[in-house]
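Have a look at the structure below before the remarks.
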Amino acid sequence: MELASYADFAVRLVNSEEPGRGTDALTSVEAVRDLFGEPSRASAIADESDLPRLRAVRVRLRGVFEAAAEGDEVRGVDLLNSLLVEYPVSPLVSGHDYLDEAGRPRWHLHLADNAPTATANFTAVACMGLAIHLTALGADRLGICQAAPCRNAYLDTSTNRSRRYCSDRCATRANVAAYRARKRLEAAAAQQA
């Protein structure tokens, strides 16, 4: 299991809201369960109380991404550390359902299976994954999409630290907008000449 992949949990939670557009996908227990991806014990115990808790965590995680995107690494790390303290990882070694060729368990690590709530589980896993991503690749690898009005979070895994958009769609939209703006300027300059 690649623990850094759990950073995607943080991205999914942050991107469940689009503040610039006033949309929030985190509106039901089923939406909470969908955040986990695959069914799990933690997603099964999700209830209505997890909605406001996860929304509060989402705000704090967005702050981590925004601080990193603004170049304020210390503030981003401080925000992440406060979440790690509040939602600690409690690792357990497990071998359930995974057998190797010889019939022995394939041991792997679960980070928060004994957490008391779905929020505690999700947040512990998301923050640990984000911490691993940040410490392995750097805080400058956490970003906020630069395509207006999108403000989605992303993890930059490019080889040259060049990612500026959350998706190809946003990159295309921003490039087309820039192209059209250049053409308008050229047309305006040609009319004045």
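The values are calculated or read from the model by the stated rules, or taken from the named source; none is laboratory data. Predicted model only: the values in this text are computed from it and were never measured. Note: ideal-geometry Cβ built from the backbone for every residue, glycine included; neighbour counts use all protein chains shown. For the accessible areas, the whole protein counts, side chains as well, though only heavy atoms, and no ligand, DNA or RNA atoms are used. Shrake-Rupley method; radii C 1.70, N 1.55, O 1.52, S 1.80 Å.
The table that follows gives values for the structure above.
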{"item": "20 Å tail of the calculated P(r), the stretch 126-193, as % of Cα pairs", "result": "46 percent"}
{"item": "Vicinal HN-Hα couplings computed from phi for the stretch 28-40 (Karplus, 6.51 cos²θ - 1.76 cosθ + 1.60; Hz; Gly/Pro x)", "result": "8, 4, 4, 5, 4, 4, 5, 4, 6, x, 9, x, 8"}
{"item": "Volume in Å³ per residue [convex hull over Cα atoms, computed for the stretch 17-98]", "result": "134 Å³"}
{"item": "Pairwise label distance in nanometres, S162 with E48, each label 7 Å out on the Cα-Cβ vector", "result": "5.1 nm"}
{"item": "Residue with peak Gaussian network fluctuation, the chain [Cα springs, cutoff 10 Å], from A148, A102, A126", "result": "A102"}
{"item": "Solvent-accessible ranking of I45, I144, largest area first, probe 1.4 Å", "result": "I45, I144"}
{"item": "MRE, 222 nm, helices only [DSSP H, n ≥ 4, -39500 (n - 2.57), over the chain, to nearest 500]", "result": "-16500 deg cm²/dmol"}
{"item": "Area of T117 that stays accessible when all protein chains are in place (1.4 Å probe, Å², to 10)", "result": "40 Å²"}
{"item": "Mean-position separation - Cα centroids, the stretch 137-193 and the stretch 48-81, in angstrom", "result": "23 Å"}
{"item": "Choice from A69, A31, A120 with maximal GNM fluctuation in the chain (Cα, 10 Å cutoff)", "result": "A31"}
{"item": "Solvent-accessible area, 1.4 Å probe, carbon plus sulfur percent, for the chain", "result": "54 percent"}
{"item": "22 Å tail of the calculated P(r), the chain, as % of Cα pairs", "result": "54 percent"}
{"item": "Two-site label geometry, R169 and A187: point separation in nm, points 7 Å out along Cα→Cβ", "result": "2.7 nm"}
{"item": "Residues with amide H under 5 Å from that of E17, placed H, sequence gap 5 or more", "result": "A25"}
{"item": "Top of V59, V14, V77 by mean-square fluctuation, Gaussian network on the chain, Cα under 10 Å", "result": "V59"}
